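Computed from the coordinates by the stated procedures, all read-outs in this text should not be read as laboratory data. Since the structure is predicted, the reported quantities are computational estimates derived from the model, not experimental observations. Neighbour counts are summed over all protein chains in view; Cβ atoms, including those assigned to glycine, are modelled from backbone coordinates with ideal geometry.
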Amino acid sequence: MGTREDELSPVRVKKVKNIVAVAGDDHTLAVKENGRVLSWGANSGGKLGDGTTTGRMEPVKIDGLYDVVAVGAGNFFSTALLSDGTVSAWGANDYGELGDGTRDDHRTPMPVPGFDGVAAMDSGAGHTLAIRTDGRLWAWGFNETGQLGLGTFEQDALSPTQVVGLVDVVSAGAGSNHSVAALADGTAWGFGWNQYGQLGDGQEPPRDDEAFPVQVVAPEGPLLVSAGSVHSMGVAAG
């Protein structure tokens, strides 16, 4: 659009079509049907992947990134799942958000080293969850409230690390500072920040954050889960 005017109703994004997946924070990523990715918006940390930290008011193509099937948009970083089961990431890396074993920022996409076989992925404010084809859940990045499910608080994971105790995971959602996962047996689990009851474990205030996955109290087990900033959602079978 080329302006900074707010809009109260939907407007069409110019030069963007044939989109199959999107993700956004204060920036937007859009996957085209040919597997290429467009980005626009704020660019702190280089999260647009165009080699700069300059915000873009119109979509730009991310060079060097192909065969993408899904994207994730964190506060200061971005992720992409490729058709070969690998993950690429770019942007700020203060807390290990890029999963490359360092805290170095990257303004263009870089593969998460030694990590493949990924079937699904979601990124929250400062962390990423990845379900591998064997049903195991892995996480990396910011962990102040236990949102990585590793049994610890505050110890960030600079590389993908397996979430404790969860097998046969069919969907997962990364919120602002919490995470949720649905298993094939119909149970759902949450871990991380729980001030507003976003883990769904039935705690009364004051609620405790959880560094290990705890079971969601639900009448029907959800097969699809999603996490917002301070809430979680699930879709039950039938």
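Spacing of the modelled spin labels on Val16 and Asp63, each 7 Å from Cα toward Cβ, amounts to 2.2 nm. Across the chain, the longest piece that holds none of the GluC sites (Glu not before Pro) lying in DSSP loops with up to 15 other C-beta atoms within 10 Å covers 34-153. Between Gln195 and Arg136, the FRET efficiency from the beta-carbon distance, with R0 = 30 Å, is close to 0.60.
Rounded to the nearest 0.05, the FRET efficiency derived from the C-beta distance between Glu33 and Glu204 at R0 = 41 Å is 0.30. A simple spin-label model places the labels of Thr152 and Asp6 4.2 nm from each other, with each point 7 Å out along Cα-to-Cβ. Each Lys and Arg Cβ is given +1 and each Asp and Glu Cβ -1; about its Cα centre, the chain then shows a dipole of about 920 debye.
Computed over the chain, relative contact order equals 12 percent, with contacts defined as Cα pairs under 8 Å that lie 6+ residues apart. For Asp201, the amide hydrogen comes within under 5 Å of the amide hydrogens of Val217, counting only partners 5 or more places away or on other chains and with H modelled in the peptide plane. Of all lysines in the structure, the ones whose alpha carbon falls short of 16 Å from that of Lys47, not counting any fewer than 8 places away in one chain, are Lys61. Structural size metrics of the chain, computed from C-alpha coordinates, are Rg and Dmax of 17.4, 49 Å. Specify whether the C-alpha gyration tensor of the range 140-195 places it in the rounded, prolate or oblate class, a ≥ b ≥ c being the square roots of the eigenvalues: rounded for a/c under 1.5, otherwise prolate if a/b is larger than b/c and oblate if not. Note, shape of the range 140-195 comes out prolate. In order along the range 206-211, the Karplus-derived 3J(HN,Hα) couplings, from 6.51 cos²θ - 1.76 cosθ + 1.60 at θ = phi - 60°, round to x, 8, 8, 5, 10, 8 Hz, and Gly and Pro are given as x. Along the range 95-112 the Karplus relation, 6.51 cos²θ - 1.76 cosθ + 1.60 evaluated at θ = phi - 60°, assigns HN-Hα couplings of 10, x, 4, 8, x, 9, x, 10, 10, 8, 6, 9, 8, 10, x, 10, x, 6 Hz to successive residues, with x for each Gly and Pro. Computed on the range 1-115, the Cα convex hull volume stands at 92 Å³ per residue.
Taking amide H positions as modeled 1.01 Å from N, with prolines and chain starts lacking one, the residues under 5 Å from Val112 and 5 or more places away or on another chain are Val87, Ser88, Ala89. Highest mean packing first, where packing is the average number of other Cβ atoms within 10 Å per residue, the peptides 67-78, 45-56 line up as 67-78, 45-56.
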